[in-house]
Amino acid sequence: MSITTKRGGDKQGIVESRTTAQIWGKSALLGVILLWCLFPFFWLIMTSLKIGDRALNSPDLFQGPFGLQNYEAVFAQDFHLNLRNSLAIAGTTTILCVVIGSIAAYALARLPLKRKILLLSAVLAVSLFPPVALVPPLYELWRSLGLLNTWEGLYIPYTSFTLPLTIFILTTFFAAIPKDLEEAARVDGATPFKAFYRVIFPLAAPGVFAAAIIIFVQAWNEFLLASTFAPRDPEIAQTVPVAIAAFTGAVPFQRPIGTITAACVVVTIPMIIVALVFQKRIVAGLTAGSVKG
Amino acid sequence: MSGLNNRARWVAVVGALSLGAVAACTPSGDEGGDGGGGELTWAIGGAEAQPGGIHQRIAEMWSEQNPDNPISIEVLPEAADQQREQQALELQAEGSGFDVLGMDVIWTGEYSENGWVESLEDVRDEIESVSLPGPFESAVWGGELWAAPYNSNAGFLFYRTDLVDQPPTTWEEMCQMATQIGQQEDIGGFVGQGARYEGFVVNWLEYYWSGGGELFNEDQSEVTFDTDTATQATEFMADANQSGCFAPGFNTAQEEEARNEFQSGNAVFMRNWPYAYDLIKDDQASPIREQFDIAPLPTFTGEGTISALGGFNNAVSAFSDNKEMAKEFVVWASTDEEVQTMMATEASLPPTRESVYQDLADDPVMSLLGEVLPDAKPRPPAPQWNAISVEMQRALFPAYNGEANIQDSVQTVDEFLQSTVE
Amino acid sequence: MARRRGLSETALARVFVSPSIILMALVAAFPVIYAFVLSLQAYTRRIGEGWAGIDNYVEALSDERFWTSLQFTFIFTITSVAAEFVIGLGFALLMNQAFRGRGVTRAAILVPWVIPTVIAAQMWFFMFNVTPGFINSVFGLGNFNWLGQSGWATFAVIFADVWKTAPFVALLLLAGLQTIPGDVYESARVDGAKMFQRFWHITMPLLKPAILVALLFRTVEALRVYDLPQVMTGGAFDTESLSILVQQYIVLTPDPGYGSALSTITFILILGIGMIFVTLLGRDLVIGGEEER
């Protein structure tokens, strides 16, 4: 049997063919994919472990000297406070978006609402305006409301700008759930709310968790608003990307690639852990009846 | 998730909400003391503004000498454009958060036009009498002094002493040597700042000025752009790009790329700011650390030298609560001998006070700076400078890369310059 | 499905949707309207000069630079979204499988996407740039000037973007794959449908909503690309995107009127394209419940 192309075959589930060629082929494909995804990360790690100008700027990945100085430098700049800020802000954004977005998505997917397409378009439109043009008026507004340099000053606009994507994803997933399941629940006497909780939400879990990861990562990596509203002060609200962008070398002009890559590694590892945890949830077995596990 | 029973789910929800409630409260931090209470805030960025950097030490010196009016630094990012953005946000909102502003030399006209900075005419003589003329000129706009020169910068020609006996005095000579030696040694010829950004305009202007060209007259009321010289400069760059004089990667290089190439021994010549000198000398792993030296930039005529002027000035914010003390600070930072000398000896930042160069004439970098700075030309600190720079980049960058006609490009620049004085 | 107690369905729907609408309106609508009003005024640098009507728009649309950047933005969008879709679909199909080490593989695939964009951009600049020439030395390409020539500069930017965001597409498609019930495949297999037929006739149609959401959001994001070209090439060699142009007129050479006009034009353009997707999507999930199953 021929090896699957990148578009893959349709091997849903547990049945795996056993011809040797297939196993080798799949392993090779897997190897290529892992290399493609992880090699640049490996480069980041190697670069972050290098010290000294020449090592940092040489095309040879294994050129020493090596050391942990870059990591020390990163933490000497209160980076753990930036991590705390980013975690709180991105976390709050995710929770708010999922909660507010899922009820809106439920309404769009299930309940009668006039002019849904118009509503969807308006929802989409919100997130499309070039953010750089929105920054000056938002800055002024935030300044007068005293929201500069605060967590809420960031997670409120983040929620607002990420709601469209959330609503779209969740609406799609809610709508894909067969109506008869809900019917069955209501026949059993459940209120619409309970039907939502016990039937729809679990079945839409893959979509919900996918949306959650996406919201979290986008809020985490957001740079423009964060660098405008909270450009300094890790003790208060400066987030991780802003802090990294503000790293300087030892002298003017010098580009601190060592500390930047070290900070990136420090930041990516928890994200990978979050991704590992969440990916389980996305593909978690859903034992209820007819839905795939 | 159907494994979760009702209770577990409620726990999760409550937990999430509590996290939300806690997370929603920003930790209370110092809102950044404003000028209230006599404290000054200095908005300056870059490596030297970090704790341990020279600007911090200067701030501490001032605070010791002026305990009633201590100054603290609001650290801005390294990149000049980002510094300007952050200052602009505060100044447009007429905020009093910044008292002293660290300004790049090309922002003077813009800041003055927007009414963001206080005039320093009343302390002009004090400053003018001790400062180098080039840096001083960069702080003047419309005949008025708007900032106090603080530190400066000029371009050097770095060259390999093991490959070159005498540094070249003309650009053609340099290119000839670069191509020939480069081929012999199988390394690049000349590295500079050729990527499409402000640094490219700086490099191009050095070629243009060294051929005798000018941009504006004294008070920026007339355009004195010389299309012939401009064509000469651009053609020189285009030829150098083709012939191998310019090292590979010239057209994507900024300061750091050029430095790394030269520092690794991959180029014969480099045009860069003085900061590279110490970095190369201190780099144990560099193969050329004992085999390079600095010289004034060549010209087309072979006479004299012209380099572009960089550096920073300090200005007083028009919205400061404490303008008098801020003014005193900027004058002090500009004229005090100890401060200016410290910048040179402890941080390798070229000072603007003329006398320091005579005092430190033993140091090779300082002595070359002393030679080069009197002739260094500032880019016109006009409010339109950014727009002019962008136009020049867009017209001349493709021209030297062979993607646009040189005559037409030079013509475009001329027309744009004309439009700025109409 | 009439309710007998509580709010009517329509009212309930409105209640569900309103928090989202309110949040988005408050935070996003204000700056958008403000920017639009600005675009109708004339400015000389930062100084207001009164009413301009549509002059800014006329000027923007007759600026050759606008059209050049539009061209790059379109080329970038079409190419990168297509590549991301294909690769993302492949990843999703792979991640959907049960095999040893799948958790790690799924996390690994997400790594490119969680790295902050500014760092990824610097990393790819470092790799592609002829000095120090990492990619050149790995593939033995000598002094190939990737970022310094038209065409190849575009390629490098697209490559970096595909590397970075294919996982986002994969994530959405994976969640979509998870909601397809297994028994549909079973019955098809029993009926003798081959792998490719199952894929084409079952998987793809059922995945359509997720595909449309992924394409929608990737497209609007790609149309607004800023960080990658800005850091990798500064917009040189025809890699100037619309956002870079907008950014120039808001930040570097500020002209609030002209910058806002450019932003509004960009917005209308992106909204228009987004609407096409929304209409396609809307037909699927919002108009009643007649999904084919």
Please work out which one of (1) of a type outside the set (D, E, K, R); (2) over 29 Å from the mean Cα position of the chain (by Cα); (3) at pLDDT 90 or above; (4) in a helix (DSSP H, G or I) is the condition C:Ala42 fails and give its number. (4)
With the condition kept exactly as written, say whether any residue in segment B:270-281 is among the β-branched types (Val, Ile, Thr) and farther than 16 Å from C:Met127 by Cα. yes
Identify, from the list A:Phe201, A:Phe209, A:Phe216, the residue that is within 11 Å of chain B (Cβ to nearest Cβ) and buried (at least 22 other Cβ atoms within 10 Å of the Cβ). A:Phe209
In segment C:76-140, which helices (runs of 4 or more DSSP H) lie fully inside it and hold 2 or more residues that are of a type in the set (Phe, Trp, Tyr)? C:117-128
Which one of C:Val104, C:Val111 is at negative phi and free of Cβ contacts under 8 Å to residues at least 24 places away in the same chain? C:Val104
Scanning segment B:213-255 residue by residue, those among the charged types (D, E, K, R), surrounded by fewer than 20 Cβ atoms within 10 Å (Cβ to Cβ) and within 22 Å of the chain's Cα centre (by Cα) turn out to be B:Glu214
Test for A:Thr259: is it surrounded by fewer than 20 Cβ atoms within 10 Å (Cβ to Cβ) and either modelled with pLDDT under 90 or more than 7 Å from every other protein chain (Cβ to nearest Cβ) (or both): no
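Table: residues versus (1) under 20 Å from A:Ile257 (Cα atoms); (2) away from chain B (no Cβ under 12 Å); (3) under 27 Å from the mean Cα position of the chain (by Cα).
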residue: C:Arg100; (1), (2), (3): no, yes, no
residue: C:Val104; (1), (2), (3): no, yes, yes
residue: C:Ala121; (1), (2), (3): yes, yes, yes
residue: C:Phe125; (1), (2), (3): yes, no, yes
residue: C:Phe134; (1), (2), (3): yes, yes, no
residue: C:Phe139; (1), (2), (3): no, yes, no
Residues C:Ala13, C:Ala35: which one is at pLDDT 90 or above and at the interface with chain A (Cβ under 8 Å from one of its Cβ atoms)? C:Ala35
For segment B:102-109, check the following and say yes or no: at least one residue is under 28 Å from B:Gln254 (Cβ atoms), assigned to a loop (DSSP other than H, G, I, E, B) and within 12 Å of chain A (Cβ to nearest Cβ). no
Looking at segment C:177-198, is at least one residue buried (at least 20 other Cβ atoms within 10 Å of the Cβ) and either closer than 21 Å to A:Phe41 by Cβ or modelled with pLDDT of 85 or more (or both)? yes
What single numbered condition from (1) surrounded by fewer than 24 Cβ atoms within 10 Å (Cβ to Cβ); (2) in contact (Cβ under 8 Å) with a residue 12 or more places away in the chain; (3) outside the structural domain of B:Thr169 (by TED's automatic domain parsing) fails to hold for B:Glu324? (2)
Restricting segment A:229-256 to residues that are in contact with an Asp or Glu (Cβ under 9 Å, 6 or more places away or on another chain) and more than 7 Å from every other protein chain (Cβ to nearest Cβ), the residue that is surrounded by the most Cβ atoms within 10 Å (Cβ to Cβ): A:Thr239
Looking at B:Ala195 and the list (1) surrounded by fewer than 21 Cβ atoms within 10 Å (Cβ to Cβ); (2) part of a loop (DSSP other than H, G, I, E, B); (3) not acidic (Asp, Glu), which single condition is not satisfied? (1)
Regarding A:Thr162, is this residue within 9 Å of chain C (Cβ to nearest Cβ) and either surrounded by fewer than 19 Cβ atoms within 10 Å (Cβ to Cβ) or among the β-branched types (Val, Ile, Thr) (or both)? no
Among the candidates C:Ala60, C:Ala29, residue that is in contact (Cβ under 8 Å) with a residue 40 or more places away in the chain and assigned to a helix (DSSP H, G or I): C:Ala60
Given the conditions (1) under 30 Å from A:Ala250 (Cβ atoms); (2) at pLDDT below 90, every one holds for B:Thr41 apart from (2)
All but one of (1) touching a residue at least 60 places away in the same chain (Cβ under 8 Å); (2) under 26 Å from B:Pro298 (Cα atoms); (3) not assigned by TED's automatic domain parsing to the domain that holds B:Gly249 hold for B:Ala399; which doesn't? (3)
Residues being buried (at least 17 other Cβ atoms within 10 Å of the Cβ) and free of Cβ contacts under 8 Å to residues at least 24 places away in the same chain: count how many of those fall in segment B:405-422. 1
Hey, C:Leu172 closer than 17 Å to A:Phe173 by Cβ and modelled with pLDDT of 80 or more or not: yes
Residue by residue through segment C:237-249, note down the ones that are under 22 Å from the mean Cα position of the chain (by Cα) and at pLDDT 90 or above. C:Thr239, C:Glu240, C:Ser241, C:Leu242, C:Ser243, C:Ile244, C:Leu245, C:Val246, C:Gln247, C:Gln248
Please name all residue pairs, on different chains or six or more residues apart, with Cβ atoms under 9 Å, provided the first residue is in segment A:115-126 and is at the interface with chain C (Cβ under 7 Å from one of its Cβ atoms) and the second residue is small (Gly, Ala, Ser) and outside any helix (DSSP H, G or I). none
Give segment A:167-197 a look and list any residue that's modelled with pLDDT of 85 or more and facing chain C (nearest Cβ under 9 Å), or say none. A:Ile167, A:Phe168, A:Ile169, A:Thr171
Residue pairs within 8 Å by beta carbon, gap of at least six or interchain, first lying in segment A:262-274 and over 15 Å from A:Gly91 (Cβ atoms) and not assigned by TED's automatic domain parsing to the domain that holds A:Ala219, second surrounded by fewer than 20 Cβ atoms within 10 Å (Cβ to Cβ) and among the small types (Gly, Ala, Ser), listed first then second, are A:Ala262/A:Ala73
Tell me, please, whether a residue that is away from chain C (no Cβ under 14 Å), outside any loop (DSSP other than H, G, I, E, B) and within 23 Å of the chain's Cα centre (by Cα) can be found in segment B:384-400. no
Give segment B:263-290 a look and list any residue that's touching a Lys or Arg at 6+ places or on another chain (Cβ under 9 Å), crowded, with 22+ Cβ neighbours inside 10 Å and away from chain A (no Cβ under 11 Å), or say none. B:Ala267, B:Val268, B:Phe269, B:Met270
Report yes if B:Gly53 is at pLDDT 90 or above and facing chain A (nearest Cβ under 10 Å), otherwise no. yes
Identify, from the list B:Ala333, B:Ala361, the residue that is aliphatic (A, V, I, L, M), crowded, with 19+ Cβ neighbours inside 10 Å, more than 20 Å from B:Glu110 (Cβ to Cβ) and in the same structural domain as B:Ile127 (by TED's automatic domain parsing). B:Ala333
Take the residues in segment A:141-153 that are more than 9 Å from chain C (Cβ to nearest Cβ) and within 21 Å of C:Ile250 (Cα to Cα), then tell me which one is surrounded by the fewest Cβ atoms within 10 Å (Cβ to Cβ). A:Arg143
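The values are calculated or read from the model by the stated rules, or taken from the named source; none is laboratory data. Predicted, not measured: the structure shown is a model, and the values here were computed from it. As a convention, Cβ positions derive from the backbone with ideal geometry for all residues, glycine included, and neighbour counts pool all protein chains shown.
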